[in-house]
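Trainee: Just passing along the structure, written as structure tokens.
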């Protein structure tokens, strides 16, 4: 087990963002977290890497596991001049081989001399992915990594992820809004809305009432015929459009 | 050689600016100018307390700026009007310090020396303090350079790489308190923030890496100290403000050069 989360709750002030979350991640697994805006997906990642205040429960990460983290976005203050190459080399250890491999996979070698603040959204995502891959991580955390990519870009991104998993055995935990793609590319899906609404194989989740309640019943034509039986409350009914 | 007051003044100026300039880059990158200001102003309260208890001024200044910087960095992000709070607390300690000084009986104290510096009165002991402080700051910055940069860019990325963002940022807090304390003799509590941010800002438009910015800022700082000191001697003007005026001239010049380079490239 690479990551084991039990009973995790996170509170900011009086606001409970995550409640009683469980997760286990094994080697080579691709697990996707879906959920509406404000459902605590990014906070969950922050709890994993240690920048969110954990109020109860436990996050156990296997000793010396290397984490590769791709944040949702990176706000670089324009007062800080930094090239892509320097940014990629800001890791704890220099790893020439990993550097070469990562830039090859992601295709950032032509960007090395660019200023980070001048990158487009798609270029930035590629640089962040290259940085995450450089240290040959055993767990890859992707927070909406396809943001700012067009459809072919998104498709090739998920192909890259699949290749990375096959070649390195790296486990991948990702947050995504590309519901259609996600359903095909993941081993397991977790539907999050402050708490875990439902989880399981993509098919189980896509047919579950909780998932439909969050994303509406027309998210996937295959499962359009479905009778709604919603049996629990989504944090006082916030964030639900189609319930 | 150290018997000559101009030599001592020059060495003191170089020592302070050499440490202040690279630290100032982080102050600029992290938008901590208000933070720096509040820390510097709180040093005046420290000076006043030292004078009333007949303790060394340096000790009081570093103690109060360390307390202020620590309290501020611990409470950071808890309030939505943080910069207002910084302004309130900073000016409050400055004002309180000035009021306390007026109660001290006996000799009249030259307040200007603390507010804008009195570099020509630097003793050999001061010089030792200034250079020890500068070496501590530079060593801290060189040792923690990459993690500090990463924390400045994105705390989550730094944390995922195994760095503790809070601990790394605390290095800056300590360095800031030291630079304020050693800068009092040279430019005073009112102008020390200028020596942090003006050299860094001057370097920005001419460099493409953070290291380049740190080095160029140091060069601008040292040049400002030397030229400012000499022009103060030549025109008989106050030294601290003269140094800051020269640094500001460098800043304006760098803006113009930056614009010229930008135009040629486009």
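Trainee: Looking at segment A:125-139, can you tell me whether even one residue there is facing chain B (nearest Cβ under 9 Å), crowded, with 23+ Cβ neighbours inside 10 Å and more than 21 Å from the chain's Cα centre (by Cα)?
Mentor: Checked against the condition, which is being facing chain B (nearest Cβ under 9 Å), crowded, with 23+ Cβ neighbours inside 10 Å and more than 21 Å from the chain's Cα centre (by Cα), segment A:125-139 yields no hits at all.
Trainee: Given the conditions (1) in contact with a strand residue (DSSP E or B) (Cβ under 8 Å, 6 or more places away or on another chain); (2) within 11 Å of another protein chain (Cβ to nearest Cβ); (3) surrounded by fewer than 16 Cβ atoms within 10 Å (Cβ to Cβ), and given that residue A:49 satisfies all but one, which numbered condition is not satisfied?
Mentor: Result: residue A:49 passes all but (3).
So that you can scan it fast, the table gives a plain yes or no per residue for (1) at positive phi; (2) crowded, with 20+ Cβ neighbours inside 10 Å; (3) touching a helix residue (DSSP H, G or I) at 6+ places or on another chain (Cβ under 9 Å):
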position	(1), (2), (3)
B:140	no, no, yes
B:176	no, yes, yes
B:180	no, yes, yes
B:188	yes, yes, yes
B:192	no, yes, yes
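Trainee: Failed condition for residue A:169, given (1) surrounded by fewer than 21 Cβ atoms within 10 Å (Cβ to Cβ); (2) at negative phi, with all others met?
Mentor: Only one criterion is unmet by residue A:169, namely (2).
Trainee: Could you figure out which of (1) outside any strand (DSSP E or B); (2) at pLDDT 90 or above isn't true of residue A:98?
Mentor: (2)
Trainee: How many residues does segment B:233-260 hold that are over 26 Å from residue B:113 (Cβ atoms) and not in a helix (DSSP H, G or I)?
Mentor: 0
Yes/no per residue for (1) within 14 Å of chain A (Cβ to nearest Cβ); (2) more than 25 Å from residue B:7 (Cα to Cα); (3) touching a strand residue (DSSP E or B) at 6+ places or on another chain (Cβ under 8 Å); (4) at pLDDT 90 or above:
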{"site": "B:154", "(1), (2), (3), (4)": "yes, yes, no, yes"}
{"site": "B:196", "(1), (2), (3), (4)": "yes, no, no, yes"}
{"site": "B:220", "(1), (2), (3), (4)": "no, no, no, yes"}
{"site": "B:226", "(1), (2), (3), (4)": "no, no, no, yes"}
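Trainee: Out of B:177, B:201, report the one residue that is closer than 20 Å to residue B:216 by Cβ and out of contact with any strand residue (DSSP E or B) (no Cβ under 9 Å at 6 or more places or on another chain).
Mentor: That would be B:201, the only listed residue that is closer than 20 Å to residue B:216 by Cβ and out of contact with any strand residue (DSSP E or B) (no Cβ under 9 Å at 6 or more places or on another chain).
Trainee: Only one residue in A:58, A:62, A:66 is in contact (Cβ under 8 Å) with a residue 60 or more places away in the chain, touching a strand residue (DSSP E or B) at 6+ places or on another chain (Cβ under 8 Å), over 25 Å from residue A:154 (Cβ atoms) and more than 10 Å from chain B (Cβ to nearest Cβ). Which one?
Mentor: From the options A:58, A:62, A:66, the qualifying one is A:62.
Trainee: Same structure, new question: Being within 23 Å of residue A:148 (Cβ to Cβ), surrounded by fewer than 19 Cβ atoms within 10 Å (Cβ to Cβ), modelled with pLDDT under 90 and touching a helix residue (DSSP H, G or I) at 6+ places or on another chain (Cβ under 8 Å) is the filter here, so list the residues in segment A:52-85 that pass it.
Mentor: Within segment A:52-85, A:72, A:73, A:77, A:78 qualify.
A quick yes/no check of all residues on (1) touching a residue at least 40 places away in the same chain (Cβ under 8 Å); (2) within 20 Å of residue B:145 (Cβ to Cβ):
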| site | (1), (2) |
| --- | --- |
| A:89 | no, yes |
| A:95 | yes, yes |
| A:107 | no, no |
| A:115 | no, yes |
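Trainee: Condition test on residue A:8, is it in a loop (DSSP other than H, G, I, E, B) and touching a residue at least 40 places away in the same chain (Cβ under 8 Å)?
Mentor: no
Trainee: Among A:203, A:212, which is the only one that is without any contact (Cβ under 8 Å) to a residue 40 or more places away in the chain, out of contact with any strand residue (DSSP E or B) (no Cβ under 6 Å at 6 or more places or on another chain) and crowded, with 19+ Cβ neighbours inside 10 Å?
Mentor: Unique residue meeting the criteria: A:212.
Trainee: Sticking with this one: Of the conditions (1) more than 14 Å from chain B (Cβ to nearest Cβ); (2) out of contact with any helix residue (DSSP H, G or I) (no Cβ under 9 Å at 6 or more places or on another chain); (3) at pLDDT 90 or above, residue A:32 satisfies every one except a single condition; which number is it?
Mentor: Checking residue A:32 against (1) more than 14 Å from chain B (Cβ to nearest Cβ); (2) out of contact with any helix residue (DSSP H, G or I) (no Cβ under 9 Å at 6 or more places or on another chain); (3) at pLDDT 90 or above, the one that fails is (2).
Trainee: Would you check if there is a residue in segment A:155-164 being in contact (Cβ under 8 Å) with a residue 12 or more places away in the chain, crowded, with 17+ Cβ neighbours inside 10 Å and within 14 Å of chain B (Cβ to nearest Cβ)?
Mentor: Checked against the condition, which is being in contact (Cβ under 8 Å) with a residue 12 or more places away in the chain, crowded, with 17+ Cβ neighbours inside 10 Å and within 14 Å of chain B (Cβ to nearest Cβ), segment A:155-164 yields no hits at all.
Trainee: Right, something else. Go over the candidates B:159, B:169 one by one and state the one that is within 14 Å of chain A (Cβ to nearest Cβ), touching a residue at least 24 places away in the same chain (Cβ under 8 Å) and more than 30 Å from residue B:4 (Cβ to Cβ).
Mentor: Exactly one of B:159, B:169 is within 14 Å of chain A (Cβ to nearest Cβ), touching a residue at least 24 places away in the same chain (Cβ under 8 Å) and more than 30 Å from residue B:4 (Cβ to Cβ), namely B:169.
The values are calculated or read from the model by the stated rules, or taken from the named source; none is laboratory data. This one's a predicted model, so the numbers in the text were calculated from it and none came from an experiment. So basically every Cβ, Gly included, is an ideal-geometry build from the backbone, and we count neighbours across all protein chains shown.
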